[in-house]
Amino acid sequence: MSLPNQKPDLEDSINVTEAHGRVVREAAACAREKRIVDNGIEPISLGAIAACGIAVLMAGAVLGKGANFFSYGANFAPGYVRSAAPGGAESGPAPKEALVAYSARGAKIYSAKCQGCHGADAKGNGATFPSLVGSAWVKGETERFAMAILNGLQGPISDGKTYGVMPPQGVGMLPEDLAGVMTYLRNNLGNSVGDVVSTEQAKKAIEISAARKNAGNACTAEELAADHVKTLPGEVVDPKTMLDPIKLVPAKAP
Ligand code: HEC
């Protein structure tokens, strides 16, 4: 079979006008392409550079020195006083009785610092860790109890037995923490002395601890008996006083 020997119809196969148009369009597309330099990095467009510049200026205006965007004083007239919250009183944590407020703080310290050894119920394990429930040193004179916590213990302890060595727990403890954990243990988990060890008393305890003759060593029963069978000096807080539960200071009258 052979094709009919026909001259191609130039008119049909090459539409000169259309082909020309295509060449022009492709050339224009090439011209629009970004210039690629030798190292292969495209030049950044002017628009992008301008956008960065504007962002920097705006950041400067909002955050910069002297811009005072976050400064109350610069944005409110002198003497301006914020009106009271709806309902009248300033909102904030509700005041709590001192015993409750100190214990709440102490519960957190207990679980962070003591529970690992003495157990969640503070009953210890009877072998290597003693119970703090019913313990004479927990419930007795506050200075002796504080010295044991701050410096650790080398037995025998209150029950005459030696369980091991308790490492000092005072590092990083704020007076509020010490006061809290002592108040918590004296009044919870089966103990009920009924008093509050105040932040002031805990501060004194930290001073007394730092001035110990044996500073740096764990307390022994002997040292505790000789020097620390005392009630901590410092302000005594009535367990029923209403306190700001966060700062542990007397709550302002509404
Ligand atoms: C690393 C384990 C460990 C941690 C943590 C620990 N203790 Fe102790 N604690 C002991 C050991 C062990 C003894 C017994 C020491 C001995 O036999 O010499 C003890 C004894 C005591 C005693 C003496 C009890 C008594 O009846 O005489 C008190 C009080 C006490 N701990 C309170 C605390 C408090 C409060 C904390 C947390 C702030 C704490 N302990 C954290 C291990 C620990």
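For this structure, a couple of remarks:
- Failed item, numbered, when ALA89 is tested on (1) under 30 Å from VAL196 (Cα atoms); (2) modelled with pLDDT of 75 or more: (2)
- Hey, ARG105 modelled with pLDDT of 70 or more and either closer than 30 Å to GLY194 by Cβ or not polar (S, T, N, Q) (or both) or not: yes
- Applying a threshold of 6 Å to beta carbon distances and a minimum spacing of six or more residues, or different chains, the list of pairs starting in the stretch 116-129 at a residue that is farther than 15 Å from ASN191 by Cα and ending at one that is not in a loop (DSSP other than H, G, I, E, B) reads PHE129/CYS117; PHE129/HIS118.
- Helices (runs of 4 or more DSSP H) lying entirely in the stretch 127-235 (those with 3 or more residues that are within 31 Å of the chain's Cα centre (by Cα), away from the ligand (no atom under 12 Å from the Cβ) and surrounded by 14 or more Cβ atoms within 10 Å (Cβ to Cβ)): 175-187, 199-210
The values are calculated or read from the model by the stated rules, or taken from the named source; none is laboratory data. Computed from a predicted structure; not experimentally measured. Glycine gets a Cβ as well: all are built from the backbone with ideal geometry, and neighbour counts include every protein chain shown.
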